[in-house]
Amino acid sequence: MTNRKPLMAGNWKMNLDHLEAVQLVQGLAVALGDAGHDYDAVEVVVVPPFTDIRSVQTLVEADKLSIRYGAQDVSVHASGAYTGEISAAMLTRLGVSYVVVGHSERREYHGETDALIGTKAKVALAAGMTPILCCGEGLDVRKAGEQVSYVLAQIDGMYADFSAEEAAQTVVAYEPVWAIGTGEVATPEDAQEVCAAIRVRLAELFDAETAAKVRVLYGGSVKSSNVADIMAKEDVDGALVGGASLQAEEFAKIARFNA
Ligand SMILES: O=C[C@H](O)COP(=O)(O)O
């Protein structure tokens, strides 16, 4: 048995402007409210683009919503001449609770390395936000059957400078790149294999108590139709959802996987 609270996080990626963001969060709140969702049992988080966050904050505060929100990235710098970057302090001023770091799209299009991702995660933590550290193998690695060693190398790199106390406050998202936005979902067994290996590695890097606290999410073509089977796996503590989080009803159903 685990006391890790399931976390359903919707990563909107570069979709929806601030007006659409308000509509979606309102729709999600209504769908979850109508269903009597217990936010203490399953945490629900939206991760909009930076430009939407202020509007989401205003809505969440005005309507006293229990939905929490995150950012898709954070700068390693505190302030200064870093054009285009957003600091951790700017995010915390907007009530941001989570920061996704090292998404495979940041790794691919922005050359982010495990070391940089680890630094970003520590910056987020130091500012009081929870980092969601992403990892996952490409199709070539999966075909070679090397997914576990590949992902564990990413874990080693990202957590290299973490203390156990810091690590215990993080979330990991395992997202096989071949399953992202493709409709190709990993089997629950595939997800469990890697998520369990991540937890074992965290226990080796830190200790068993720390590893037991870290929530490990699965991401990659999660939908309301497949989420329950994935969530039934012991080491899967939630989902990082892309496309399906852009529809209020569908994301509400995902959050209510156990209803
Ligand atoms: O961050 C979310 C993932 O990249 C999954 O995206 P997807 O659900 O559209 O496959």
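Which value, in nm² and rounded to one decimal, describes the direction-averaged projected area of the C-alpha convex hull of region 1-51? Could the numbers behind the result be given before it?
Working: hull surface 17.0 nm².
It is 4.3 nm².
For the chain, with only Lys/Arg (+1) and Asp/Glu (-1) charged at the beta-carbon, what is the dipole magnitude about the Cα centre, in debye rounded to 20?
Details: 21 positive and 36 negative charges, 87 e Å.
Computed charge dipole of the chain: roughly 420 debye.
Can you give the local net charge around GLU250? Use residues other than it whose beta-carbon is closer than 13 angstrom to its beta-carbon, Lys and Arg +1, Asp and Glu -1.
Computed value for this residue: +2.
Taking a probe of 1.4 Å, how large is the accessible area per residue of region 20-67, in Å²? Write out the running numbers ahead of the final one.
Working: 2170 Å² over 48 residues.
Ligands and nucleic acids excluded, the result is 45 Å² per residue.
Please go through the residue pairs LYS5/LYS122; LYS122/LYS223; LYS143/LYS213 and name each one whose alpha carbons sit more than 27 Å apart in this structure.
Beyond 27 Å between Cα atoms: LYS122/LYS223; LYS143/LYS213.
Please state the relative contact order of region 53-186 as a whole percent: Cα pairs under 8 Å, 6+ residues apart?
It comes to 21 percent, rounded to a whole number.
Between GLU85 and VAL200, what is the label-to-label distance in nm when each label sits 7 Å out along the Cα-to-Cβ direction?
3.8
Check THR130: other-chain or 5+ apart residues with amide H under 5 Å from its amide H, H built from backbone geometry?
Close amide H contacts, sequence-distant or interchain: TYR98, VAL99.
Using only the alpha-carbon atoms, what does region 107-155 span along each of its principal axes? Please give whole angstrom values in decreasing order.
Rounded to whole Å, the extents work out to 40, 21, 13 Å.
Region 27-84 to region 90-123: how many Å between their Cα centroids?
Cα centres, region 27-84 to region 90-123: 16 Å.
Between GLY138, GLY238, GLY80, find the one with the highest GNM mean-square fluctuation for the chain; connect C-alpha pairs within less than 10 Å.
GLY80
If you average 1/r across every pair of different Cα atoms in region 21-165 and take the reciprocal, what Kirkwood value do you get, in Å?
Its Kirkwood hydrodynamic radius stands at 16.7 Å.
Rounded to whole Å and sorted largest first, what semi-axes of the equivalent ellipsoid does the C-alpha gyration tensor of region 193-253 yield via the square root of 5 times each eigenvalue?
Ellipsoid half-lengths, sorted descending, are 27, 10, 9 Å.
Which whole-Hz ³J(HN,Hα) couplings does region 90-106 yield from phi under the Karplus relation 6.51 cos²θ - 1.76 cosθ + 1.60, θ = phi - 60°, glycine and proline marked x?
Taking θ as phi minus 60°, the curve returns 4, 6, 5, 4, 9, x, 6, 9, 10, 9, 7, 10, x, 4, 4, 6, 6 Hz for region 90-106.
What residues qualify as long-range amide H neighbours of ALA173, i.e. H under 5 Å apart, gap of 5 or more or another chain, H built at 1.01 Å from N?
LEU133, CYS134, CYS135, LEU217
Rg and Dmax of region 146-231, using alpha carbons, in Å: what are they?
13.2, 39
Can you give the Kirkwood hydrodynamic radius of the chain from its Cα pairs, in Å with one decimal?
Roughly 18.2 Å, rounded to one decimal.
How much of the accessible area of region 17-73, probe 1.4 Å, is carbon plus sulfur, in whole percent?
50
Tell me, what is the percent relative contact order of region 203-259, built from C-alpha pairs under 8 Å that lie six or more residues apart?
Relative contact order here is 36 percent.
Please name whichever of VAL123, VAL56, LEU246 sits farthest to the positive end of the charge dipole of the chain, dipole taken about the Cα centre and charges placed at Cβ: Lys and Arg +1, Asp and Glu -1.
Positive-most Cα among the choices belongs to VAL56.
The values are calculated or read from the model by the stated rules, or taken from the named source; none is laboratory data. Owing to the predicted nature of the structure, the values given are computational and were not obtained by experimental measurement. Every residue, glycine as well, gets a Cβ built from its backbone with ideal geometry; the counts of neighbours run over all protein chains shown. Heavy atoms of the whole protein, side chains included, go into the accessibility calculation; ligands, DNA and RNA do not. Shrake-Rupley method; radii C 1.70, N 1.55, O 1.52, S 1.80 Å.
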